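The values are calculated or read from the model by the stated rules, or taken from the named source; none is laboratory data. Everything numeric here is computed off the predicted structure, so don't read it as measured data. In this analysis, Cβ positions are derived from the backbone assuming ideal geometry, glycine residues included, and neighbour counts consider all displayed protein chains. We work out accessible area using only protein heavy atoms, side chains counted, and drop any ligands, DNA or RNA first. Shrake-Rupley method; radii C 1.70, N 1.55, O 1.52, S 1.80 Å.
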Amino acid sequence: MYFFLNDYNDIGRVEVLDALLKAKDEYNPGYGFDDHSENARNLIKKALKNDNVDIHFVPGGTPANVLGVSCGMQQENSVLAVKTGHIQGHEAGSIEATGIKIETIESPTGKLNRDLLEKKLAEFNSELVTVPKKVYISNTTELGEVYTKKELREIYDFCKENDLYLFIDGARLAAALASDKCDYDLSDICNLCDIFYLGGTKNGLLLSEAMVVVNDNLKKNFINLQKQKGYLLAKSFVVGIMYETVFAKEDGYVSGARIAFEKAKALAKGISDKGYELAYDFESNQVFVILSDDQVNKFKEFSVFDVVGNVDGKNIARFVTTYRTSDEDIDGFISNI
């Protein structure tokens, strides 16, 4: 079976597993106050070319999104996000459970832009509504799209003009950085938002994301908030070792995502060459294909993937590649279809 269900389907990169095994006889203090976590934070700051950010390790994407949304917020505040945003449809109400409402925006794509934000913000003009204080975007988006530097800059400028924080969900940030469409480096992200995270779960680590807090107003009491929500890891050194290993190598964070992108590009081309229609333009490690019910059933005889929606009575199937996807996987799947 060819496995394209998601990008968190294995235990982790071999070098990460080797590093953890090497440290098996160590004794480390907890809650991130260990040498591995401190070294990892320093290596990340070096890659970001910014020593003024705060970095916190959390278990996974949902904790990162809860903390990213709720930090620096009051109970009357809300967060603006596109209707297809991950926090809206994939977090089981965990954001709202913090007391922060998600105010959704209809978008023709999976992206936000200045015009959409201007129109939405104009709706909040009385004491009977929430007070928007933060904007949420993901990069890549739920539809596999990659924001350009210009697009990010325009959104962030709007946020600063309107006293809003910008939070970037970076669960697939490595995939965005590996894309041909990306016109910026990892070190540019700190200048384009107030808070973001470096996804590990979907980038070859066993688990965890690295929160990067850029705006000084969001740094205070972050660890207290992290502990309150249940997202402060006692064995944070395990995560520190993983990020330490990945960021010890130049381009180490994005290297696996580059492999995934090249395989996805070949997959998208092969599917298109066979006459199948892509639901969305190919931009990252997610390939979306329009398939009939019969085609879905046929494809499932030899591959594992997800059906994520429908259009005009047909299915939108999603195929996701990883750093482990091989040429044999792509060629074999294309041959079968």
### Message
Quick check on my filter: what residues within region 239-252 are open to solvent by less than 40 Å² (accessible area, probe 1.4 Å) and of a type in the set (Gly, Ala, Ser)?
### Response
Gly240, Gly252
### Message
Need the failing condition index for Ala81 against (1) assigned to a loop (DSSP other than H, G, I, E, B); (2) open to solvent by less than 20 Å² (accessible area, probe 1.4 Å); (3) over 21 Å from Gly256 (Cβ atoms), just the number.
### Response
(1)
### Message
Testing Ile290 on (1) surrounded by fewer than 19 Cβ atoms within 10 Å (Cβ to Cβ); (2) in contact with a Lys or Arg (Cβ under 9 Å, 6 or more places away or on another chain); (3) within 27 Å of Gly200 (Cβ to Cβ), one condition comes back false. Which one is that?
### Response
(3)
### Task
Filter region 26-42 down to residues that are more than 25 Å from the chain's Cα centre (by Cα) and of a type in the set (D, E, K, R), then give me how many there are.
3
### Query
Taking region 85-108 on its own, how many of its residues are in a helix (DSSP H, G or I), polar (S, T, N, Q) and open to solvent by 30 Å² or more (accessible area, probe 1.4 Å)?
1
### Message
Just to be sure before I move on: is Ser326 touching a helix residue (DSSP H, G or I) at 6+ places or on another chain (Cβ under 8 Å) and either more than 19 Å from Glu142 (Cα to Cα) or not small (Gly, Ala, Ser) (or both) in the structure I sent?
### Response
yes
### Task
State the number of residues belonging to region 133-148 that are open to solvent by less than 20 Å² (accessible area, probe 1.4 Å) and either more than 21 Å from the chain's Cα centre (by Cα) or farther than 15 Å from Tyr165 by Cα (or both).
6
### Task
Tell me which residues, restricted to region 223-259, are outside any helix (DSSP H, G or I) and acidic (Asp, Glu).
Glu250, Asp251
### Query
Which residue pairs have Cβ atoms closer than 6 Å, lie 6 or more positions apart in sequence or on different chains, and pair a first residue in region 212-231 that is within 16 Å of Leu164 (Cβ to Cβ) with a second residue that is assigned to a helix (DSSP H, G or I)?
Val214/Cys190
### Summary
If we keep only residues of region 168-187 that are touching a residue at least 12 places away in the same chain (Cβ under 8 Å) and farther than 19 Å from Glu209 by Cβ, then the residue most open to solvent (accessible area, probe 1.4 Å) is Asp180
### Message
Tell me yes or no: at least one residue of region 14-25 is acidic (Asp, Glu), outside any loop (DSSP other than H, G, I, E, B), closer than 28 Å to Val304 by Cα and over 19 Å from the mean Cα position of the chain (by Cα).
### Response
yes
### Hits in region 264-282 - residues which are surrounded by fewer than 14 Cβ atoms within 10 Å (Cβ to Cβ) and in a helix (DSSP H, G or I)
Asp273
### Task
Keeping to region 164-209, report how many residues are within 21 Å of Arg41 (Cβ to Cβ), over 10 Å from the mean Cα position of the chain (by Cα) and aliphatic (A, V, I, L, M).
8
### Message
Take Val16 and tell me if it is among the aliphatic types (A, V, I, L, M) and closer than 22 Å to Gly230 by Cα.
### Response
no
### Looking only at region 43-64, and only at residues there that are in contact with a strand residue (DSSP E or B) (Cβ under 6 Å, 6 or more places away or on another chain) and closer than 16 Å to Gln228 by Cβ, the one that is surrounded by the most Cβ atoms within 10 Å (Cβ to Cβ)
Ala64
### Summary
Checking Ser255, Ser236 in turn, the sole residue that is crowded, with 19+ Cβ neighbours inside 10 Å and either in contact (Cβ under 8 Å) with a residue 60 or more places away in the chain or over 30 Å from Asn310 (Cβ atoms) (or both) turns out to be Ser236
